[in-house]
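Written below as structure tokens is the structure these notes are about.
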Amino acid sequence: MRAGIAVLPGDGIGPEVVAEARRVLAAVADRWGHAFTLREALIGGAAIDATGTALPDETLEISRAADAVLLGAVGGPKWDDPRGKVRPEQGLLAIRKGLGLYANMRPVAVTPKLAHASPLRPDLLAGVDLVVVRELTGGIYFGQKVREKDHASDLCLYTVPEVERIVRTAARLARGRRKKLTSVDKANVLETSRLWREVTERVMKQEFPDVALSHMLVDACAMHLIRKPADFDVIVTENMFGDILTDEASMLAGSMGMLPSASLGDGKRGLYEPIHGSAPDIAGKGIANPYATILSVAMLLRHSLELETEARAIEAAVGKAIDRGVLTGDLAAAGTKAASTEAAGDAVLEALRQS
Ligand code: IPM
Ligand code: MG
């Protein structure tokens, strides 16, 4: 098939992990006879340096014209001035909003070979297979912001249609899995959460009676994710809760460097990125973990291009690379030699070739 993919490497380790993902895309195109046209564009700090804005119009146009967008990471100390008018993160928020990508899927799977990398006991990790569906274009991230000399505020706003559509996305996903949906909120305190809970109840009762719904308060969920993570199937939650819970959940997989994500809207076009940030402390050293970005490519092929066979081949290849013990510093056991970013990419390519 022919497809256009916008590639936005961003800052820090972004370009390094995206480089490995590009090699994997090229190998898939080669092996299965696809023609992927990649167009690179600027976002984040790199875009601020070049154009003065974190999301140049050209980047948004290239992304709109593409079938899918692959993104590395944004941000870094260079642009961290809290008083600065432009921040790299604005680029990320603007592209999510600009493309209407309200549903962010963050799957968490545990590979036994990586159990040592998790701070949790291996017996707690057995059978963990969950997906967090994070609402991505509403809530406190996008509400009105006020900053005065002696006070500041961030508005948290959700509309009924915003809740309905994210609940439907999550429920459809749960339907194809173990049919368990946990909606996470703070309904004992927040009005937005009470609306969220009401709408979720109604949508599930009317449209998804076959999916078991439960509600959990976000603080309890944070605890339960550590105490009994294998209990969860699909979690649906609002923007900021999802941001926080997925960093926590990444520790089940052993490292932030293992979690991919897909951000989707109503159509097929999506944006795919690792959940980790730009890791400025290790940028430029060639030691970052590229697996989350490579796994994001698998999600891209699956959700935007409907290439399920190719997606599975990539996931299996990453699994094989890990089984062979090709582990970057974030995953390698103490005292063992860590693999470079490129070596991890090589191991995936090698496993793909043999599949
Ligand atoms: C994420 C990140 C972003 C977010 C930041 C970089 C704005 O933490 O994708 O989880 O908060 O959404
Ligand atoms: Mg985050």
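Using a Gaussian network model of the chain whose springs link C-alpha atoms within less than 10 Å, name the residue from 132, 110, 17 with the highest mean-square fluctuation. So, out of 132, 110, 17, the one fluctuating most is 110. Taking the chain as a Gaussian network of alpha-carbon nodes connected by springs under 10 Å, the highest mean-square fluctuation of the residues 30, 185, 67 belongs to 30. Using a probe of 1.4 angstrom and keeping all protein chains present, the accessible surface of the range 58-106 works out to 45 square angstrom per residue. When you restrict to C-alpha pairs under 8 Å that are six or more residues apart and normalise by the size of the chain, the relative contact order lands at 21 percent.
When the accessible area of the chain is computed with all protein chains present and a 1.4 Å probe, what percentage of it is carbon and sulfur? So the carbon and sulfur contribution to the accessible surface is 54 percent. Among the trypsin sites (Lys or Arg not before Pro) within the range 247-355, those in coil by DSSP and having at most 12 neighbouring Cβ atoms inside 10 Å are 268, 337. Take the range 281-322 with all the other protein chains still there, run a 1.4 Å probe, and you get 34 Å² of accessible area per residue. Taking 13 Å as the straight-line reach from the Cα of residue 268, the aspartates and glutamates in range (excluding those fewer than 8 positions away in the same chain) are 67, 306. Considering only Cα atoms, the convex hull volume of the chain works out to 140 Å³ per residue.
Taking the Cα centre of each part, how many Å lie between the range 5-52 and the range 332-355? Between the Cα centres of the range 5-52 and the range 332-355 lies a distance of 20 Å. Accessible surface area normalised per residue over the range 119-252 is 49 Å², counting heavy atoms of protein chains with a 1.4 Å rolling probe. Going 7 Å from the Cα of residue 202 along its beta-carbon direction, which residues of the range 89-117 have the amide nitrogen within less than 19 Å of the resulting point? None, by backbone N distance to the label point. Excluding same-chain neighbours fewer than eight residues apart, the aspartates and glutamates reachable from residue 205 by a Cα-Cα span under 15 Å are 164. Loop-resident GluC sites (Glu not before Pro) (DSSP state other than H, G, I, E or B) in the range 99-169 with no more than 15 further Cβ atoms inside 10 Å of their Cβ: 148.
Rounded to the nearest 500, the helix-only mean residue ellipticity at 222 nm of the chain stands at -13500 deg cm²/dmol, with each DSSP H run of n ≥ 4 adding -39,500 (n - 2.57).
The values are calculated or read from the model by the stated rules, or taken from the named source; none is laboratory data. Remember, it's a predicted structure, so these values are computed and weren't measured experimentally. A quick note on method: Cβ atoms are made from the backbone with ideal geometry, for glycine too, and the neighbour counts reach across all protein chains shown. These area figures cover heavy atoms from the full protein model, side chains too; ligands, DNA and RNA do not enter into them. Shrake-Rupley method; radii C 1.70, N 1.55, O 1.52, S 1.80 Å.
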